[in-house]
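Visitor: Starting off with a structure, shown below.
The values are calculated or read from the model by the stated rules, or taken from the named source; none is laboratory data. Everything numeric in this text was worked out from a predicted model, so none of it was measured. We place every Cβ from the backbone using ideal geometry, glycine too, and count neighbours over all the protein chains shown. For the accessible areas, the whole protein counts, side chains as well, though only heavy atoms, and no ligand, DNA or RNA atoms are used. Shrake-Rupley method; radii C 1.70, N 1.55, O 1.52, S 1.80 Å.
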Amino acid sequence: MKTLIAAYSGVLRGTGSSILSALQDLFSITWLNRSKVEKQLQVISVLQWVLSFLVLGVACSAILMYTFCTDCWLIAVLYFTWLVFDWNTPKKGGRRSQWVRNWAVWRYFRDYFPIQLVKTHNLLTTRNYIFGYHPHGIMGLGAFCNFSTEATEVSKKFPGIRPYLATLAGNFRMPVLREYLMSGGICPVNRDTIDYLLSKNGSGNAIIIVVGGAAESLSSMPGKNAVTLRNRKGFVKLALRHGADLVPTYSFGENEVYKQVIFEEGSWGRWVQKKFQKYIGFAPCIFHGRGLFSSDTWGLVPYSKPITTVVGEPITIPKLEHPTQQDIDLYHTMYMEALVKLFDKHKTKFGLPETEVLEVN
């Protein structure tokens, strides 16, 4: 009898051990799968924004025109009517949606690279600001994630400050795309919009301008830290006219996420890019990242390289309704010096050697 009980106990112990082992294996597999699923969600979240940036506006315009020729023409008429009445909304800051800015997809977007926002100084809610964002990169992914979503908690880091990322005005002529952009607090980068936000929208506004624009994107490549700024003074004039403080902002890693074919000055490729830039407002770049399912293939998904955006110390700007060229040059020089100082202070923290120099063109 004792022998039977001992044998039975052994079976139970063996069974318990087997079950425990099986559960451990199960949890291990689940964790592995969850990790893979999370990585794919990160890739998809980035890809949806890249495709939105590249084709959503054109695709929605084509669909709207096609709908006019179908039995659903009334839908197109209603949307077109809405568009006419709503045409000037982007110039007044758009329709920011905290719900959209807090979508979970942006947290996956942030974690893919990852993207980080670093605050160095407090900003007063009684002042307005113009952030100069550098460098442009291919798509300004750091600018979008940090200032058009709450993924990096910009509203918590700068309480009472409303960020508006300024981009090409042509994007707001595209159906559906305009609604998508406005929901994130994105606005047109033109004088009317900036004048409105800095003079008729109260205080605590921060307009983020990617100063280098299309010209800077043409020199974007891994390993290069260069900004197009020396002859870009319009944003300084706007700051002086409204008494808005200038805030230098540098995004380490922005140039690392895509590889680009760089055309030499004087080549046919660079000629085409400059013509597009002059007449349309953007410069077509030939670039590539990684594939959707593998980092070893080419595709539109950016490489997962860290992007760290450092917001520097604000430069106090006086309000001058009619600033002279001497005034503009003075504060532009101060801004350039502050940007270089910001770069030099933080470069070694984010993987750059002490000898790295910021090239200001």
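Visitor: Size of the dipole of segment 275-361 about the Cα centre, Lys and Arg at +1 and Asp and Glu at -1 on the beta carbon, nothing else charged, in debye to 20?
Guide: 400
Visitor: Once R0 is set to 56 Å, what does the formula 1/(1 + (r/R0)^6) return for the Cβ-Cβ distance between Leu74 and Lys341, expressed as a FRET efficiency to the nearest 0.05?
Guide: Result of the calculation: an efficiency of 0.45.
Visitor: For the residue pair Asp329 and Ser295, what label-to-label distance in nm results when each label sits 7 Å from Cα along the Cα-to-beta-carbon direction?
Guide: 4.9
Visitor: Using a 1.4 Å probe on the protein heavy atoms only, what accessible surface does Val118 show? Give it in Å² to the nearest 10.
Guide: Using a 1.4 Å probe on the heavy atoms, I get roughly 30 Å².
Visitor: Report the calculated FRET efficiency for Ser97 and Leu168 (r = Cβ-Cβ distance, R0 = 25 Å), to the nearest 0.05.
Guide: That pair, Ser97 with Leu168, gives E of 0.75.
Visitor: Cross-link list Lys92/Lys200; Lys200/Lys319; Lys92/Lys119; Lys237/Lys275: which exceed 19 angstrom alpha carbon to alpha carbon?
Guide: Correct reply: Lys92/Lys119; Lys237/Lys275.
Visitor: In nm, give the distance between the simple-model label positions of Lys39 and Asp86, each being 7 Å from the Cα along the Cα-to-Cβ direction.
Guide: Spacing of the two 7 Å Cα→Cβ label points: 4.0 nm.
Visitor: Using helices alone, I'd like the mean residue ellipticity at 222 nm for the chain: each DSSP H run of four-plus residues gives -39500 (n - 2.57), total over residue count, nearest 500.
Guide: On the way: 13 runs with 162 residues, N = 361.
The helix contribution divided over the chain gives -14000 deg cm²/dmol.
Visitor: Any idea how far the Cα center of segment 47-100 sits from the one of segment 122-166, in Å?
Guide: 25
Visitor: Once amide H atoms are built 1.01 Å from N in the peptide plane, which residues 5 or more positions from Val247, or in another chain, come under 5 Å H to H?
Guide: Ile130, Phe131, Gly132, Ile315
Visitor: Another one. So which residue, out of Leu246, Leu165, Leu124, gets the largest mean-square fluctuation from a GNM of the chain using Cα contacts under 10 Å as springs?
Guide: It is Leu124.
Visitor: Please report the projected area of the chain's Cα convex hull averaged over all directions, in nm². Provide the component values of the computation, followed by the final result.
Guide: On the way: hull surface 112.9 nm².
Directional mean of the projected Cα hull area for the chain stands at 28.2 nm².
Visitor: Skip the ligands, DNA and RNA, and give the accessible area per residue of the chain with a 1.4 Å probe, whole Å².
Guide: With all protein chains present, the chain gives 53 Å² per residue.
Visitor: With all protein chains present, how much of the accessible area of the chain (probe radius 1.4 Å) comes from carbon and sulfur, to the nearest whole percent? All intermediate terms of the calculation are to be shown ahead of the outcome.
Guide: Values: 11760 of 19010 Å².
Here carbon and sulfur together make up 62 percent of the probe-accessible area.
Visitor: Report Rg/Rh for segment 252-361, rounded to two decimals, where Rg is the Cα radius of gyration and Rh the Kirkwood radius.
Guide: On the Cα set of segment 252-361, Rg over Rh gives 1.06.
Visitor: Assigning unit charges at the beta carbon (Lys, Arg +1; Asp, Glu -1) and nothing else, what dipole magnitude in debye, to the nearest 20, does the chain show about its Cα centre? Numbers along the way, then the final one.
Guide: Working: 39 positive and 26 negative charges, 104 e Å.
Using only the charged Cβ atoms, the result is roughly 500 debye.
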